[in-house]
């Protein structure tokens, strides 16, 4: 797939498909339209008890959109049991363009002036499409995900698309839904006028934590 533009990419997301490369060094991109889709419920987001305790110690400074390019680049790096990623150079350039257009955002965890974890994704209507996350410190990507969910909930988003479901995401309530169901939810979400709000007060975040499922 060549000649992909940010505008075509947004149209693809609105249709329920997204691009991936086979590997970091593969120049080609392929459209992905899974039979089942991973979603995280914003109205029933679950924060495990241990992580809730960690979050309340404020282990990281949370920033949004302060280093989007660096977040994508960090997500593209090999990590632990992930020796390769699907984020190639074209992916980096395309999503940087979406960020410049206001359609992509990052949530970042910082410690002592170093970014130690974070995630990025695409915002369209009332849908947020989570793309990738990384962690260089314990729980950093998990904390970033909780902060993302809190901001999306505050901003009026109704769909958090995780693309696929992993063990990492199941602990937050991620579930798989059939393609037809997903596309119905997506169509409804695209009609919602939501605007990503990067700022979140401590009181607002604490209220979100309190609203999440209390079981471990």
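The values are calculated or read from the model by the stated rules, or taken from the named source; none is laboratory data. Here the structure is a predicted model, which is why all the values come from computation and not from measurement. Because the Cβ atoms are built from the backbone with ideal geometry, glycine has one as well, and the counts that use them run over all protein chains shown.
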Considering each of 143, 116 in turn, give the residue that is assigned to a strand (DSSP E or B), touching a strand residue (DSSP E or B) at 6+ places or on another chain (Cβ under 7 Å), at pLDDT 95 or above and under 23 Å from residue 51 (Cβ atoms).
116
Considering every residue within segment 64-85, establish whether at least one is in contact with a strand residue (DSSP E or B) (Cβ under 8 Å, 6 or more places away or on another chain), closer than 29 Å to residue 180 by Cα, touching a residue at least 60 places away in the same chain (Cβ under 8 Å) and surrounded by fewer than 20 Cβ atoms within 10 Å (Cβ to Cβ).
yes
Condition check for residue 100: farther than 28 Å from residue 177 by Cα and within 15 Å of the chain's Cα centre (by Cα)
no
From the list 161, 181, exactly one residue is at pLDDT 95 or above and over 17 Å from the mean Cα position of the chain (by Cα). Which is it?
181
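A quick yes/no check of all residues on (1) modelled with pLDDT of 95 or more; (2) outside any helix (DSSP H, G or I); (3) over 17 Å from the mean Cα position of the chain (by Cα); (4) buried (at least 16 other Cβ atoms within 10 Å of the Cβ):
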residue: 2; (1), (2), (3), (4): no, yes, yes, no
residue: 13; (1), (2), (3), (4): yes, no, no, yes
residue: 19; (1), (2), (3), (4): no, yes, no, yes
residue: 27; (1), (2), (3), (4): no, yes, yes, no
residue: 37; (1), (2), (3), (4): yes, yes, no, yes
residue: 51; (1), (2), (3), (4): yes, no, yes, yes
residue: 62; (1), (2), (3), (4): yes, yes, no, yes
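Let's see how each residue does on (1) free of Cβ contacts under 8 Å to residues at least 60 places away in the same chain; (2) touching a helix residue (DSSP H, G or I) at 6+ places or on another chain (Cβ under 9 Å):
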| residue | (1), (2) |
| --- | --- |
| 117 | yes, yes |
| 128 | no, yes |
| 148 | yes, no |
| 152 | no, no |
| 162 | no, yes |
| 170 | yes, no |
| 193 | no, no |
Keeping to segment 172-191, report how many residues are in a loop (DSSP other than H, G, I, E, B), out of contact with any helix residue (DSSP H, G or I) (no Cβ under 8 Å at 6 or more places or on another chain) and surrounded by 15 or more Cβ atoms within 10 Å (Cβ to Cβ).
2
Residues being under 30 Å from residue 101 (Cβ atoms) and assigned to a loop (DSSP other than H, G, I, E, B): count how many of those fall in segment 192-216.
10
Across segment 148-165, what is the total count of residues that are surrounded by fewer than 18 Cβ atoms within 10 Å (Cβ to Cβ) and in contact with a strand residue (DSSP E or B) (Cβ under 8 Å, 6 or more places away or on another chain)?
2
